[in-house]
Amino acid sequence: MTDTPRTTEDEELDEMDMEAQRHGVDDRDMQVEVFDAVRGQSRFPVQPVRLTAEDTFSFNCHKGVSCWNKCCHGADITLTPYCILRLSKRLGLKAAEFLLRYTVPDVHDKADMPVAKLKMGGDDGRGACPFNTADGCSVYEDRPATCRYYPLGMVSMKMKDMEGKEDFFFLVKEDHCQGHCETKTQNVGQYRAEQDVADYERVSRGWIDILMKMASWKVLGGPMGKAPTMQVKKMFFMATTDVDGFRRFVLESKFLDAYDVAPEAVEIIKADDEALLLLGYDWLKNILFNEPTIQLKEQVLQQAIAKARSDMGAA
Ligand code: SF4
Ligand code: SF4
């Protein structure tokens with residue numbers, strides 16, 4: 001450990017180490033809608049039909065449809081960490097600036113964790129998406145995952161007795177969307193490949209895992225029956241939305257004194273945003289669920305255990 005003065009961030013770090021010590025490892029049935037695909041205001045247009053990658057559906061979206069651009073108004077779009085990364089890079093903005101200009105903070109209702117949603121126009125949020133133009137999406141190559149998936153939704157699940165996680169899909173039919181009347185037919189796998197969603201799923205998988213677990217624990221009040229503190233939620237939001245802020249936190253607080261992060265990995269996260277996001281997920285999983293995704297250094301661990309014992313009144 002170094003002798004540099006302690007900062008508020010260091011105190012936050014201590015508090016979160018303690019949070020991790022209080023929790024055990026969980027293994028519950030988990031399921032969460034990841035990309036719910038409902039982009040309008042109606043909340044009940046989902047056809048409750050479970051689709052696999054081989055299932056086919058008729059759909060096509062092009063400038064000739066009578067509903068062109070309708071779905072880009074009043075859309076309910078939760079941004080994944082990777083969506084924010086792609087969009088802020090495209091716009092040449094730091095993540096914090098992007099968040100300020102183009103998003104509104106919200107709470108993922110299933111997981112009860114803070115997320116960022118794309119800010120729609122109009123006082124009531126039913127206006128156009130800021131990236132909508134007469135010709136369509138002005139950020140098309142970097143559009144959010146929900147926009148790519150539409151009209152599909154994706155659910156990720158893992159049951160206690162299952163080896164790995166399973167994703168399945170469902171079709172959303174909103175009244176205004178004429179794309180379903182088109183003759184083009186494809187299966188779910190083809191549609192996902194066409195929409196280029198692989199990177200979005202890969203880089204956001206850890207975030208999805210955390211939301212799933214939080215959703216599974218919600219009925220009990222939080223992991224092991226205890227809701228995360230505001231501080232933990234704040235750090236979750238920073239680590240999953242603001243890569244620049246999280247990088248500063250990792251490199252400039254005592255994070256690297258507290259956790260075992262290989263020197264080569266430290267060099268990588270200085271420049272690689274995706275790697276930093278993955279480190280953030282590991283850290284959050286450790287804090288929230290006590291998963292061994294990142295290791296506290298031995299000395300710090302002993303201090304945390306001693307403090308936990310003292311807090312509990314043990315000798
Ligand atoms: S990001 Fe693009 S596709 Fe998504 S709602 Fe906005 S304009 Fe439409
Ligand atoms: S067909 Fe559906 S997805 Fe395409 S513009 Fe119309 S409402 Fe939007």
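The values are calculated or read from the model by the stated rules, or taken from the named source; none is laboratory data. Since this is a predicted model, take the numbers as computed values, not measurements. Here the Cβ is made from the backbone with ideal geometry for all residues, glycine too, and neighbour counts use every protein chain on show.
Determine, yes or no, whether Glu252 is free of Cβ contacts under 8 Å to residues at least 24 places away in the same chain and more than 22 Å from the chain's Cα centre (by Cα). It is false that Glu252 is free of Cβ contacts under 8 Å to residues at least 24 places away in the same chain and more than 22 Å from the chain's Cα centre (by Cα). Residues being of a type in the set (D, E, K, R), crowded, with 16+ Cβ neighbours inside 10 Å and within 13 Å of ligand 1 (Cβ to nearest atom) are represented in segment 73-86 by at least one member. If the condition is being assigned to a loop (DSSP other than H, G, I, E, B) and either within 15 Å of ligand 2 (Cβ to nearest atom) or in contact with a helix residue (DSSP H, G or I) (Cβ under 7 Å, 6 or more places away or on another chain) (or both), then segment 113-124 contributes Lys119, Met120. Just wondering, is there one or more residues in segment 125-144 that are away from ligand 1 (no atom under 11 Å from the Cβ), under 23 Å from Ser88 (Cβ atoms) and not in a strand (DSSP E or B)? Checked against the condition, which is being away from ligand 1 (no atom under 11 Å from the Cβ), under 23 Å from Ser88 (Cβ atoms) and not in a strand (DSSP E or B), segment 125-144 yields at least one hit. Residue check: is Gly222 away from ligand 2 (no atom under 16 Å from the Cβ) and within 30 Å of Leu93 (Cα to Cα)? When the stated conditions are applied, Gly222 does not pass them. When Val197 is tested against (1) closer than 30 Å to Asn60 by Cβ; (2) not assigned by TED's automatic domain parsing to the domain that holds Lys110, exactly one condition is not met: (2).
Looking at segment 265-315, which of its residues are of a type in the set (Lys, Arg) and part of a helix (DSSP H, G or I)? Scanning segment 265-315 gives Lys270, Lys285, Lys307, Arg309. Of all residues assigned to segment 96-111, at least one qualifies as being of a type in the set (D, E, K, R), assigned to a loop (DSSP other than H, G, I, E, B) and either more than 16 Å from ligand 2 (Cβ to nearest atom) or surrounded by fewer than 15 Cβ atoms within 10 Å (Cβ to Cβ) (or both).
Of Gly179, Gly221, Gly153, all but one fail to be in the same structural domain as Ala75 (by TED's automatic domain parsing) and either part of a strand (DSSP E or B) or farther than 24 Å from Asn69 by Cβ (or both); the exception is Gly153.
Can we say Glu141 is at pLDDT below 95 and surrounded by fewer than 15 Cβ atoms within 10 Å (Cβ to Cβ)? Criteria not met by Glu141.
Consider segment 174-200. How many of its residues are surrounded by fewer than 20 Cβ atoms within 10 Å (Cβ to Cβ), touching a residue at least 12 places away in the same chain (Cβ under 8 Å) and more than 16 Å from ligand 2 (Cβ to nearest atom)? So the count comes out to 4. Please work out if Leu211 is outside any helix (DSSP H, G or I) and either away from ligand 2 (no atom under 12 Å from the Cβ) or among the hydroxyl-bearing types (Ser, Thr, Tyr) (or both). No, not satisfied.
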